Amino acid sequence: MFDQKTLELLVSSFPKILEYGLKVTLPLAAIAFMLSTVIAVLVAMVQYANTPVLRQICRVYIWIIRGTPLLVQLMVAFYGLPLLGIRANPFVMAVVVFSINEGAYSAETMRAAMEAVPAGQLEAGYCVGMNYMQIMWHIILPQAFRTAFPSLFNALISMVKDTSLASSITVVEMFTRTKQIAGQSYNYLPLYIEVALVYLIFCTVLTFIQKKGEKILGSYGVRK
Amino acid sequence: MALLEVKNIQKAFGENGVLKGIDLTVEKGDVVSVLGPSGSGKTTLLRCINFLEKADGGSLSFEGKEYDLSRITKAEIADIRKKTGFVFQNYNLFANKTVLGNVTLGLTSARKVAKAEAESKAKEVLAKVGMAEFADYYPSQLSGGQQQRVAIARALATDPSILYFDEPTSALDPQLTAEVLEVMRELAREGMTMIVVTHEISFAKEVSTHVMFMADGNVVEEGTALEFFENPRMDRTREFLRLTSN
């Protein structure tokens with residue numbers, strides 16, 4: 001399988017695959033992850049504060065998104081949004097769908113992390129004269145974020161790999177690019193193994209960043 | 001005119017009446033100790049006065065303004081809280097903030113005081129409780145007694161008219177209790193107005209101007225510290241003092 005010709009193909013295609021990884025896959029995951037975290041914090045805060053009506057809307061959002069496959073959500077957006085007169089390029093559409101999808105999962109992570117902050121922290125905030133939003137911003141969210149960090153990072157790592165589903169709505173990302181190269185040479189398996197290795201490299205780097213991040217966030221109680 | 005006057009405050013958790021119409025008057029400079037067995041409602045009283053629990057009824061007047069406790073607004077609560085300080089049994093220091101951050105946050109965030117000014121105020125109150133050299137520590141690096149002294153500094157930083165203490169030494173061993181009580185004694189000497197819910201009978205005897213003894217959601221007896229300890233009128237009080245003095 002790994003004859004001279006295949007090796008040459010692997011070497012020559014590596015930069016092309018990596019290029020789409022760096023140009024499309026990682027930006028797609030990074031932007032969608034950031035947006036999903038914003039959605040997650042807002043949805044978690046609504047539930048934590050038990051705001052009527054908004055809370056029910058958030059529950060319905062989480063119910064629908066967690067109850068349907070990501071691939072189906074991508075398809076519904078791809079074929080459905082143009083019917084509503086919304087024209088977006090497939091990359092933007094993928095960013096939106098991935099953000100909304102991951103936001104529902106991360107919202108539950110954030111909610112649990114906020115509920116894990118002892119009630120005394122909130123009470124102490126009120127007693128020094130802070131209002132609800134000030135307590136959220138300075139006390140509850142920082143502590144909750146620290147608790148949620150490993151789970152949120154898990155979500156990011158999953159998302160890097162799930163971006164390959166964007167190929168189904170014509171986004172040419174790293175996996176689609178690999179398929180194209182493989183199609184030209186009819187030499188599929190070695191290239192798929194190669195792209196798998198690139199995903200593995202990405203996720204290894206992210207895992208390393210996660211460890212560093214946890215060390216930095218875990219510094220309450222380490223004398224500076 | 002009294003600094004704080006609470007009339008007929010009531011609170012029930014479900015069917016269980018915890019405060020059955022308590023009155024309390026605190027003049028400026030008073031140190032009021034609230035004593036009583038566990039479950040008597042003394043902590044709930046303090047939490048209702050600072051709105052950590054919502055009272056079912058009664059009225060509260062603070063610095064000359066009168067409020068109906070069942071109808072008080074969020075804005076009114078916020079106004080009152082800006083002039084009060086609260087010290088918890090479990091300290092409740094902000095875990096993600098250093099000692100300095102804990103003490104300055106009420107100033108910088110809630111009162112928009114400039115950072116430099118807040119820090120100089122924080123250092124002043126930390127020095128007062130003997131914690132100045134721990135400014136960069138996180139709460140988890142401190143002993144319980146140290147945490148409680150920081151909590152007192154945090155409450156003092158905003159120059160409150162009155163300080164509430166909810167069993168401030170109940171989670172501490174005798175040595176750490178002594179260091180916290182010393183700080184409170186000093187505050188009392190300086191004329192700080194305080195309500196102290198406590199089990200420390202000898203501290204109450206030594207420091208308070210007034211004592212209130214509660215049982216089952218009612219006030220059994222109250223009076224000046226001298227009257228209360230030297231001449232208790234009620235059997236229930238005598239029984240309590242006899243048991244706790246041994």
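The values are calculated or read from the model by the stated rules, or taken from the named source; none is laboratory data. This one's a predicted model, so the numbers in the text were calculated from it and none came from an experiment. Positions of Cβ are generated from backbone atoms using ideal geometry, with glycine treated the same way; all protein chains shown enter the neighbour counts. Calculation scope for accessible area: heavy atoms of the full protein, side chains included, ligands and nucleic acids excluded. Shrake-Rupley method; radii C 1.70, N 1.55, O 1.52, S 1.80 Å.
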With the condition kept exactly as written, say whether any residue in segment B:32-39 is free of Cβ contacts under 8 Å to residues at least 40 places away in the same chain and either within 13 Å of chain A (Cβ to nearest Cβ) or open to solvent by less than 50 Å² (accessible area, probe 1.4 Å) (or both).
no
Hey, can you tell me all the residues within segment B:40-53 that are touching a residue at least 40 places away in the same chain (Cβ under 8 Å) and either assigned to a strand (DSSP E or B) or over 28 Å from B:Glu227 (Cβ atoms) (or both)?
B:Glu53
In segment B:147-169, what residues are open to solvent by 20 Å² or more (accessible area, probe 1.4 Å) and away from every other protein chain (no Cβ under 14 Å)?
B:Arg149
Any residue at all in segment A:94-106 that's closer than 13 Å to A:Met45 by Cα, within 13 Å of another protein chain (Cβ to nearest Cβ) and out of contact with any Asp or Glu (no Cβ under 9 Å at 6 or more places or on another chain)?
no
Scanning segment B:170-188 for residues that are outside any helix (DSSP H, G or I) and among the small types (Gly, Ala, Ser), the one surrounded by the most Cβ atoms within 10 Å (Cβ to Cβ) turns out to be B:Ala171
Among the residues in segment A:63-74, are any open to solvent by 70 Å² or more (accessible area, probe 1.4 Å) and over 18 Å from A:Ser36 (Cα atoms)?
yes
Top-ranked residue of segment A:48-58 - restricted to ones that are touching a residue at least 24 places away in the same chain (Cβ under 8 Å) and over 10 Å from A:Met110 (Cα atoms), ranked as surrounded by the most Cβ atoms within 10 Å (Cβ to Cβ):
A:Cys58
Of all residues in segment B:62-102 being within 20 Å of B:Thr169 (Cα to Cα) and aliphatic (A, V, I, L, M), the one that is farthest from the other protein chains (Cβ to nearest Cβ):
B:Val99
Would you point out which residue out of B:Leu46, B:Leu100, B:Leu107 is within 24 Å of B:Leu187 (Cα to Cα) and in the same structural domain as B:Lys20 (by TED's automatic domain parsing)?
B:Leu46
Can you tell me which of B:Ala114, B:Ala118, B:Ala122 is at pLDDT 95 or above and away from chain A (no Cβ under 14 Å)?
B:Ala114
Evaluate the following for B:Leu226: is it more than 13 Å from the chain's Cα centre (by Cα) and touching a residue at least 24 places away in the same chain (Cβ under 8 Å)?
no
B:Leu69 passes all but one of the listed conditions (1) surrounded by fewer than 19 Cβ atoms within 10 Å (Cβ to Cβ); (2) more than 15 Å from the chain's Cα centre (by Cα); the exception is number (1)
Complete set of residues in segment B:133-145 that are open to solvent by 50 Å² or more (accessible area, probe 1.4 Å) and either among the basic types (Lys, Arg) or not in a loop (DSSP other than H, G, I, E, B) (or both)
B:Glu133, B:Ser140, B:Gln141
